[in-house]
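The values are calculated or read from the model by the stated rules, or taken from the named source; none is laboratory data. Keep in mind the model is a prediction, meaning the values are calculated, not measured. Cβ placement follows ideal geometry from the backbone for every residue including glycine, while neighbour counts extend to all protein chains displayed. Accessible surface areas use protein heavy atoms only, side chains included; no ligands, DNA or RNA. Shrake-Rupley method; radii C 1.70, N 1.55, O 1.52, S 1.80 Å.
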Amino acid sequence: MALTPLVYWAQRHEEIYLRVELTDAQNIDVHVDENVLHFSAQGHGAKGQNEYKFSLEFLLPVKPQVSYKSTQRQVNITVHKIQRGWWEKLTVQERKPVFLAPDFDRWLDESDAEMEIREKEEKRNRLKASRQKEEGFVSLKTVFLIVYNLVQFLGFSWIFVNMTVRLFIIGRDSLYDTFHTISDVMFFCQILASVEVLNAAFGVVKTGVIPTLIQVVGRNFILFIIFGSLEEMQHKPVVFFVFYLWSAIEIFRYPFYMLGCFNTEWKTLTWLRYTVWMPLYPLGVLAEAVAVIQSIPIFDESKLFSIPLTKVIGTSVSFSYFLYIYLVLMFLGLFINFHHLHKQRKRRFRTKKRKAN
């Protein structure tokens with residue numbers, strides 16, 4: 001003979017909550033038929049292991065769809081009211097069934113339930129407003145990144161194509177006037193590249209600040225101090241190799257980032273972006289080092305940027321001493337950035353391989 005379990009109830013304006021005290025319940029059957037909820041299951045209740053059943057005829061109409069969740073200790077049932085409102089009691093019977101009791105863990109008065117609804121509504125509105133604000137920011141950020149990467153791609157592409165065409169048409173002579181034909185666009189692109197440090201610092205893009213800072217500061221030092229301030233350096237072939245290696249890396253990097261703004265990937269471009277830098281980046285640093293070494297005698301002779309210390313040691317400290325230190329820091333930066341880029345490459349292709357599997 002089936003026994004009756006202990007049942008606890010609570011309500012909100014739109015739902016009825018029932019908690020059936022039945023441990024390790026099995027063969028659970030819960031359904032609503034003509035506004036009567038029927039429950040049956042096997043489990044360990046107040047009178048031990050047995051089959052337990054009960055029925056409840058609700059005070060007002062409810063929806064026939066019932067949801068329930070069984071845990072190790074109980075069965076939680078949710079019934080939805082057809083008409084939103086607060087019931088004075090749960091069942092149509094004058095006297096409350098003896099197995100039914102209020103669930104004080106979930107019990108709320110009508111005013112408390114109204115306050116709970118208002119709080120939930122306010123929370124939803126805050127989340128909605130926050131989401132709309134975030135989506136607006138993301139859209140603005142995405143447009144900014146697309147425009148930035150497009151401008152940089154066009155700039156470095158112009159540099160790379162221009163230098164390549166001039167090399168084929170003019171030949172070796174094009175190496176000696178690279179600075180005067182290319183420098184204006186290179187100045188623009190490298191000044192604009194300073195934005196990447198701010199993007200990394202403020203979280204606009206997810207990349208390391210230190211590696212970005214090393215690359216931007218290092219390139220701008222070569223461009224503005226070594227090439228820009230020394231006219232003698234502007235006619236040397238090393239300018240061609242520095243500019244050509246820089247642009248050869250960026251014509252793959254910037255379109256890769258631009259496609260990323262659209263959540264789009266071109267596998268060939270991805271492979272080139274994470275592979276081309278491996279020979280080109282060290283060669284670029286080597287070309288920069290050659291430029292620094294070639295500039296040292298010129299700085300010594302011109303005394304440009306030398307620090308006067310006449311009152312202290314009776315002479316001045318040549319800027320070339322700083323350049324020797326810079327050479328050491330340059331190769332240290334090469335090691336840091338190479339490690340960073342290699343780790344990015346391994347992580348990228350490991351993730352792609354995992355997705356493929």
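Only one of these is open to solvent by 80 Å² or more (accessible area, probe 1.4 Å), at pLDDT 90 or above and in a helix (DSSP H, G or I): ILE249, ILE296, ILE325. Name it.
None of the others qualify; the one that does is ILE325.
Just the residues that are touching a residue at least 40 places away in the same chain (Cβ under 8 Å) and open to solvent by 50 Å² or more (accessible area, probe 1.4 Å), please, taken from the range 54-75.
Correct list: TYR68, SER70, GLN72, ARG73.
Does the range 148-165 contain any residue that is surrounded by fewer than 16 Cβ atoms within 10 Å (Cβ to Cβ), in contact with a Phe, Trp or Tyr (Cβ under 7 Å, 6 or more places away or on another chain) and either farther than 20 Å from GLY284 by Cα or at pLDDT below 95 (or both)?
No, that holds for no residue.
Do the conditions hold for PHE335, that is, is it within 42 Å of the chain's Cα centre (by Cα) and modelled with pLDDT under 90?
Taking the combined requirement at face value, the residue satisfies it.
Can you tell me which of (1) buried (at least 20 other Cβ atoms within 10 Å of the Cβ); (2) modelled with pLDDT of 95 or more is the one PRO237 doesn't meet?
The failed condition is (1).
Identify, please: which residue in the range 252-292 is of a type in the set (S, T, N, Q) and part of a helix (DSSP H, G or I) and is, among those, surrounded by the fewest Cβ atoms within 10 Å (Cβ to Cβ)?
THR268
Please go through the range 196-227 and pick out each residue that is more than 21 Å from LEU323 (Cβ to Cβ) and open to solvent by 40 Å² or more (accessible area, probe 1.4 Å).
Matches in the range 196-227: LEU198, ALA201, PHE202, GLY203, VAL205, LYS206, THR207, VAL209, ILE210.
Condition first: among the charged types (D, E, K, R) and farther than 22 Å from GLY333 by Cα. Now tell me which residues in the range 202-238 satisfy that.
GLU231, GLU232, LYS236 - these are the residues of the range 202-238 that are among the charged types (D, E, K, R) and farther than 22 Å from GLY333 by Cα.
Scan the range 318-344 for residues that are under 14 Å from SER295 (Cα atoms) and in contact (Cβ under 8 Å) with a residue 40 or more places away in the chain and jot them down.
Residue satisfying the conditions is TYR326 alone.
Of all residues in the range 102-147 being in contact with a Lys or Arg (Cβ under 9 Å, 6 or more places away or on another chain) and among the hydrophobic types (A, V, I, L, M, F, W, C), which is modelled with the highest pLDDT?
Within the range 102-147, the match that is modelled with the highest pLDDT is LEU108.
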